[in-house]
Every structure is written in C-alpha cells, then in structure tokens.
Amino acid sequence: MSIVRKVRAVERLFKTLEKDIQKLQSKTGIHCLEGCVICCTTPKIMATSIEFYPLAFHLFKTHQAEAILSKIEQNSNISTCPLLSSIIYGENKPGCTFYEQRGLICRLFAYTHQTDKQGKRRIITCKTIKLNQPNEVEIANKILCEKPIGPKASDYYSRLQFIDYQKANQLYPIAEAIKLAIESVLSYYQYRGKKAV
C-alpha cells in the first residue's frame, strides 16, 4: 500500500473515531477542558509512527516537514510531544500546533474505555476530567455497565494493524514516532521524485 493510501486509511479511521467520541460526549457530557494540555505534557507517551502519517503528509504538502524534523532533532531530550506550542518553544498560547492532524493516542487520551478482569467496562479518562467532571464520569460508567459507548483504544489500534501491521505494532516515544512518520513520507517522495497528491 502506498504512503498516500495509508494516509487516507488512517484519516478514515480518525473520522470513525471522531463519531465514536461525539456519541460518548453527547450521552455523558464528558469533554476536555479548554486550554488544558495535560495529555500533551505527559512524559513518555508511546505511539506508533503510522498514526502520524496524516501529520507527516500534511507537513510535506505544506513544506514544513524539514523544519519540524529539525525541531524534533534539536530537542531530542524533551520527553513530551514536540508539537506542543508553549513557553518551552517560545510561543504564546499552549496547545497542539497541528490539532487536526494529531495522532490516535492524542485523540483517545480522555475518551476511551476498557474491560477489567471481571468483565466490567469502565471509562479511562484523564485525572483532570475525573476531578472536574465526576458526575459525567459516573454517568459514563453507568452506561458502560449496560453497553459499550465511545471508543475502545485496543479496537482502534487493532484497526491500525489492517493499514500496516508492522508499523502499528511498534511503539516509540511520541517524538520518535512523529520523526519516523515524517522520515517515511520524505523518503517516499524523495525516492519517487513525485509531488504530494
């Protein structure tokens, strides 16, 4: 499968995920707090490179790939997401600089559920949401006792395997995953001498 087809497949997966998240939000009221970047600043987040192919492709099309790659390489000691705009990078407002192209882990961070050893489904969300939206979390857990609602991370990572089994099974620190995705896209187009479609 070509890079472009992989990018489009991941984008389709993200659209399905957004619908799942919207269902969860509409039935429970759970939502991220405005301006919160706790998930972005959590150290040692692991991700796959394939989930950042849409980002890498966007960076290539907009002629930003080399600059972002250089930024990642220069800040190799930072253990948080390299795409976070913050005081660390000399920008004013904290947040994701490429929110529309963020990876699967970024999209799932506060909106997933899992099944425990007793077969009971529970919402897995961040500490900030648990503290600020306890009623909404309780509603989500009550609904989940009866039926699944919203995304389950393991299901979405399994779907990534259908796009590229090898890349979907290799986890890296988030900066490394983004770097590998950018390098894959750049190598693909450098080797073929094509322009982005």
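Quick one: is Lys147 modelled with pLDDT of 90 or more, exposed (fewer than 12 other Cβ atoms within 10 Å of the Cβ) and either under 14 Å from Lys23 (Cβ atoms) or aromatic (Phe, Trp, Tyr) (or both)?
For Lys147, the condition - modelled with pLDDT of 90 or more, exposed (fewer than 12 other Cβ atoms within 10 Å of the Cβ) and either under 14 Å from Lys23 (Cβ atoms) or aromatic (Phe, Trp, Tyr) (or both) - is met.
Answer yes if at least one residue in segment 27-35 is farther than 23 Å from Tyr188 by Cβ and of a type in the set (D, E, K, R), and no otherwise. Please lay out each step first, then the result.
From segment 27-35, those farther than 23 Å from Tyr188 by Cβ are 27-35; that's our starting set.
Going one step further and asking which of them are of a type in the set (D, E, K, R), we end up with 27, 34.
Scanning segment 27-35, I find at least one residue that is farther than 23 Å from Tyr188 by Cβ and of a type in the set (D, E, K, R), so the answer is yes.
Given Arg107, Arg12, Arg102, which one is of a type outside the set (Ser, Thr, Tyr) and open to solvent by 60 Å² or more (accessible area, probe 1.4 Å)? Can you show your working first?
Details: Arg107 fails: open to solvent by 60 Å² or more (accessible area, probe 1.4 Å); Arg102 fails: open to solvent by 60 Å² or more (accessible area, probe 1.4 Å).
From the options Arg107, Arg12, Arg102, the qualifying one is Arg12.
Which residue, of Tyr188, Tyr157, Tyr165, is under 25 Å from Leu84 (Cα atoms) and aromatic (Phe, Trp, Tyr)?
Tyr157
When both residues are 6+ apart or on different chains and their Cβ atoms are under 8 Å apart, which pairs have a first residue that lies in segment 130-151 and is part of a loop (DSSP other than H, G, I, E, B), and a second that is crowded, with 16+ Cβ neighbours inside 10 Å and charged (D, E, K, R)?
Note: pairs meeting the criteria are Pro148/Arg121; Gly150/Asp20; Pro151/Asp20.
Would you mind stating whether Pro134 is open to solvent by 50 Å² or more (accessible area, probe 1.4 Å) and closer than 29 Å to Leu55 by Cβ?
Considered against the rule, which asks whether it is open to solvent by 50 Å² or more (accessible area, probe 1.4 Å) and closer than 29 Å to Leu55 by Cβ, Pro134 comes out as no.
So for segment 168-176 (the condition being of a type in the set (A, V, I, L, M, F, W, C), open to solvent by 80 Å² or more (accessible area, probe 1.4 Å) and part of a helix (DSSP H, G or I)), does at least one residue qualify?
Checked segment 168-176: no residue is of a type in the set (A, V, I, L, M, F, W, C), open to solvent by 80 Å² or more (accessible area, probe 1.4 Å) and part of a helix (DSSP H, G or I).
With respect to Ile30, determine if the residue is under 14 Å from Leu108 (Cα atoms), open to solvent by 40 Å² or more (accessible area, probe 1.4 Å) and in contact (Cβ under 8 Å) with a residue 12 or more places away in the chain.
Answer is no for this residue.
Say whether the condition of being at pLDDT 90 or above and either open to solvent by 20 Å² or more (accessible area, probe 1.4 Å) or under 24 Å from Ser2 (Cα atoms) (or both) is met by at least one residue in segment 70-78.
Taking segment 70-78 and keeping what is at pLDDT 90 or above, we get 70.
If we keep only those that are either open to solvent by 20 Å² or more (accessible area, probe 1.4 Å) or under 24 Å from Ser2 (Cα atoms) (or both) as well, we get 70.
Yes - at least one qualifying residue is present in segment 70-78.
The values are calculated or read from the model by the stated rules, or taken from the named source; none is laboratory data. Note that this is a predicted model, so its numbers are computed, not measured. Counting neighbours? That spans all protein chains shown, and the Cβs are built from the backbone with ideal geometry, glycine included. All accessible areas refer to the heavy atoms of the entire protein, side chains included, with ligands and DNA or RNA removed. Shrake-Rupley method; radii C 1.70, N 1.55, O 1.52, S 1.80 Å.
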